[in-house]
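Below: the structure, in structure tokens.
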Amino acid sequence: MAKKAENTNMVERFDEFKEYKHIDKATMVSVLEESFRKVLSSMFGTDENLDVIMNPDKGDVQIFQNLEVVPDGEVQNPYLQISLTDARADNDPDAEIGEEHTKEIIFADFGRRAILNLRQTLQSKILDLQKEAIYSKFKDLEGELISAEVYQTWSRETLLMDEDHNELLLPKSESIPGDYFRKGETVRAVIANVENKNNNPKIMVSRVSDQFLRALFELEVPEIHDGLINIRAVARIPGERAKIAVESYDDRIDPVGACVGVKGSRIHGIVRELRNENIDVINWTSNPSLLIQRALSPAKISSIRIDEETKNAEVFLRPEEVSLAIGKGGMNIKLASRLTGYEIDVYRETENEDNDDIYLDEFKDEIDEWVIESLKNMGLMTAKAVLETNRDILIEKADLEAETVDFVLGVLRSEFDDEATAAQAEASEPKAEEPEAEAPAAE
């Protein structure tokens, strides 16, 4: 009993290791056994003939050494063999040559140096396990929102600590322009990248990634969290402006309205978190022409030409709309390109074209509004743009009946024919004759 108590006390010295985070009980037991085996192997030259029995519930360990019984005087390796006399003297009176004798080892008998070696081995293995567990945990959380406390700030990065005291690094390049943090302040970011070079996990977080904006919307808008609204595309210039395209899976839900909230209640919190970053929320559509029109808001475009192969879009606007489309510092058109995936080129319409052409909305008295919207979804905003498009393309792309297309073309042509007729009539109208000069009186 005394020997067993000594081994029990030996394990209790390492009881503190049981409370390490991220390590489950089964793994802890395995680490303890492996540590004992490693130390014993270095002492005996092998651990193949050792049985290490861990009993975590009782907090003890038993170590047994299995030795071959050999004749007296023929023991060549005392770590693998035992003489017949010694085996019988060690509580095995029936031992015979060639059999196996099991001998219990009391680790504490090996002295302070062996215990210290075991402790260091155990600490090293647990530290490696902790690092692997931390890496696995945060690798699975990449792209997720996290809140952490500012621990220290340097010129190039800020060190954050989460609630489990894990270290997170926020580089200056991943901070929003204008970010200023004080020690102890709680900061939100997304886990951007997790590395584990030389078993040394490094967790990088970001506040400038598109995913950070997505995560904030998911946090603030329950419909996004519940999967009723989907964020289809995001484009950001951190700290300046952002565009986000959303769609609803429920016809009863207005996705833009849900994201903005009553009087902007939902989006205001996100804007404050992003250091007053302007956010445009638009309805997603699979129609590229319409999506580009919405992405270039608040500019109103006249017409669009799209090349699907090169992903290039040529947008034509009235002169007063060009600056709105481009935006301050080119931000609006840059974000619209990122959001839609098209390289957008803006062209200014000439004055003559503006004066001669007519916007389709002017024909709502004669053409049904849904028909006009179908044409506008093709990027055809004016009468001339429609008239210059092939009839078959109008039928196919606008999904209109041939009779409807012919009716529309007839209305539009008649408008220009009427204008031409009026102009011709005005040009051919006889001018009022001037009174003839009176002949001089005859003398």
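The values are calculated or read from the model by the stated rules, or taken from the named source; none is laboratory data. Please read these numbers as outputs of a predicted model, since none were measured by experiment. No Cβ is skipped: glycine too gets one built from the backbone with ideal geometry, and neighbour counts run over all protein chains shown. Surface accessibility is based on the protein's heavy atoms, side chains included, excluding ligands, DNA and RNA. Shrake-Rupley method; radii C 1.70, N 1.55, O 1.52, S 1.80 Å.
Which of the residues belonging to the stretch 124-145 are out of contact with any helix residue (DSSP H, G or I) (no Cβ under 8 Å at 6 or more places or on another chain) and either under 20 Å from SER30 (Cβ atoms) or among the basic types (Lys, Arg) (or both)? Of everything in the stretch 124-145, those that are out of contact with any helix residue (DSSP H, G or I) (no Cβ under 8 Å at 6 or more places or on another chain) and either under 20 Å from SER30 (Cβ atoms) or among the basic types (Lys, Arg) (or both) turn out to be SER124, LEU127, ASP128, GLN130, LYS131, GLU132, ALA133, ILE134, TYR135, SER136, LYS137, LYS139. The condition of being within 30 Å of TYR135 (Cβ to Cβ) and of a type outside the set (Gly, Ala, Ser) holds for only one of GLU104, GLU34, GLU96, GLU74, that being GLU34. Under the condition of being open to solvent by 20 Å² or more (accessible area, probe 1.4 Å), touching a strand residue (DSSP E or B) at 6+ places or on another chain (Cβ under 8 Å) and assigned to a strand (DSSP E or B), the residues counted in the stretch 172-202 number 8. Taken over the stretch 134-151, the criterion of being free of Cβ contacts under 8 Å to residues at least 40 places away in the same chain and closer than 19 Å to VAL208 by Cα is satisfied by GLU149, VAL150. For the residues ALA442, ALA420, ALA398, the requirement of being hydrophobic (A, V, I, L, M, F, W, C), open to solvent by 60 Å² or more (accessible area, probe 1.4 Å) and modelled with pLDDT under 90 singles out ALA442.
Figure legend. Inter-residue proximity from the stretch 252-281: first residues touching a residue at least 12 places away in the same chain (Cβ under 8 Å), second residues polar (S, T, N, Q) and open to solvent by 20 Å² or more (accessible area, probe 1.4 Å), beta-carbon distance below 6 Å, spacing 6+ or different chains. Indicated pairs: PRO255/SER248; VAL256/ASN283. Considering the stretch 162-171, and only residues there that are farther than 14 Å from SER209 by Cβ and in a strand (DSSP E or B), the residue that is least open to solvent (accessible area, probe 1.4 Å) turns out to be LEU168. Under the condition of being of a type outside the set (Gly, Ala, Ser) and open to solvent by less than 60 Å² (accessible area, probe 1.4 Å), the residues counted in the stretch 101-116 number 5.
Scanning the stretch 367-395 for residues that are of a type in the set (D, E, K, R) and open to solvent by less than 40 Å² (accessible area, probe 1.4 Å) yields one hit, LYS376.
Across the stretch 96-153, the qualifying residues are those that are charged (D, E, K, R) and touching a Lys or Arg at 6+ places or on another chain (Cβ under 9 Å), and the one among them that is farthest from LYS183 (Cα to Cα) is GLU104.
Taking helices (runs of 4 or more DSSP H) that fall entirely within the stretch 218-309, which contain at least 2 residues that are open to solvent by 60 Å² or more (accessible area, probe 1.4 Å) and not hydroxyl-bearing (Ser, Thr, Tyr)? Ranges flagged: 222-225, 265-273.
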